[in-house]
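Worksheet: one structure, shown below.
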Amino acid sequence: MNLIFLGAPGAGKGTQAEVVSEAMNIPQISTGNILREAAKNGTEYGLKAKAAMDSGALVSDDIVIGILKERIAQDDCQNGFILDGFPRTVPQAEALDAMNIKIDKVIEIAVADETIKQRVSGRRVCEVCGASYHVEYKPSKVEGKCDKCGGNTIIRKDDQPETVLERLAVYHEKTAPLKEYYAKQGKLVTVEGQEEVADTSKLTLEAVKA
């Protein structure tokens, strides 16, 4: 099954994508991770992405989708994949459709902005592998250290309280229209985020398997 996960910054989209990835044994594909991996591996699109990132420019949609196609052509995606962080805009979704990348369901993790503001202050991310944690909802086994690779966990610049409002505004302007786009295709399923992560995970798995 090929899935897209949507959700405002801080809604727990990545955590839920990880839960489904493990439950269904399909890879969770994060845009940031595949850009860095392609750049490191020196693929054609990876070199273009590296040039853009090194110059401080945004990586263009055609490069991102080119890297994405390379990634989902790999063996571990034969039974499906989860896109986490792409598409971010309707034009990107249209480009995915134009490239004949089939999407079965789009799972939206819906959480109120006010709740997100409260959650974000506790988020931590591994500076090495990018794994995400939360000091209250999903703590690492050793405080400040990643369970997966042992790297240090840090507060991302994006998660600083002063930037949250701006990120939410951008999400509502640029990404939220994707809900209508996929609803019209009959693919959108909304999961109401719960106070307990495990409760949200249960609802998310039910939505995916329904």
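The values are calculated or read from the model by the stated rules, or taken from the named source; none is laboratory data. Everything quoted here is computed from the prediction, not taken from an experiment. Here the Cβ is made from the backbone with ideal geometry for all residues, glycine too, and neighbour counts use every protein chain on show. Accessible surface is based on the protein model in full, side chains and every heavy atom, while ligands, DNA and RNA are left aside. Shrake-Rupley method; radii C 1.70, N 1.55, O 1.52, S 1.80 Å.
Numbers below:
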| quantity | calculated |
| --- | --- |
| Only Lys, Arg (+1) and Asp, Glu (-1) charged, at Cβ; the stretch 7-165 dipole about Cα centre in debye | 380 debye |
| Spin-label model distance (nm) - residue 137 vs residue 176, 7 Å beyond Cα toward Cβ | 1.9 nm |
| Accessible area in square angstrom per residue, the chain, 1.4 angstrom probe | 54 Å² |
| MRE, 222 nm, helices only [DSSP H, n ≥ 4, -39500 (n - 2.57), over the chain, to nearest 500] | -13500 deg cm²/dmol |
| Estimated inter-spin distance, residue 76 and residue 60, nm [label 7 Å along Cα→Cβ] | 3.0 nm |
| For the chain: relative contact order, % (alpha-carbon pairs under 8 angstrom, 6 or more apart) | 27 percent |
| Share antiparallel - DSSP beta bridges, the chain, percent rounded to 5 | 30 percent |
| Pairwise FRET efficiency - residue 145 versus residue 187, Cβ, R0 = 22 Å, nearest 0.05 | 0.05 |
| Sites residue 202 and residue 51 - FRET efficiency at Förster radius 41 Å, r taken between beta-carbons, to 0.05 | 0.40 |
| Residue-span extension gain [residue 90 to residue 165] - 0.36 nm each, minus C-alpha spacing | 24.8 nm |
| Cα extents of the stretch 116-198 along the three principal axes, largest first (Å) | 44, 28, 24 |
| DSSP bridge pairs, the stretch 97-210: antiparallel proportion in percent, nearest 5 | 60 percent |
| Overall dimensions of the stretch 1-53 by Cα: Rg and Dmax, Å | 13.5, 36 |
| Spin-label zone in the stretch 170-210 - amide nitrogen under 18 Å from a point set 7 Å from the Cα of residue 102 along the C-beta vector | 185-188, 209-210 |
| Cα→Cβ-extended label distance, 7 Å offset, between residue 118 and residue 155, nm | 1.8 nm |
| Trypsin sites (Lys or Arg not before Pro) within the stretch 147-178, DSSP loop, no more than 16 other Cβ atoms inside 10 Å | 148, 156 |
| Whole-percent carbon and sulfur share, accessible surface of the stretch 128-169, 1.4 Å | 53 percent |
| Computed FRET value (nearest 0.05) for residue 2 with residue 36, which takes r as the C-beta separation and R₀ as 22 Å | 0.45 |
| Derived scalar couplings ³J(HN,Hα) [the stretch 131-147; Karplus, 6.51 cos²θ - 1.76 cosθ + 1.60; whole Hz; x for Gly, Pro] | 4, 10, 9, 9, 4, 9, 8, 8, x, 6, 4, 10, 4, x, 10, 6, 5 |
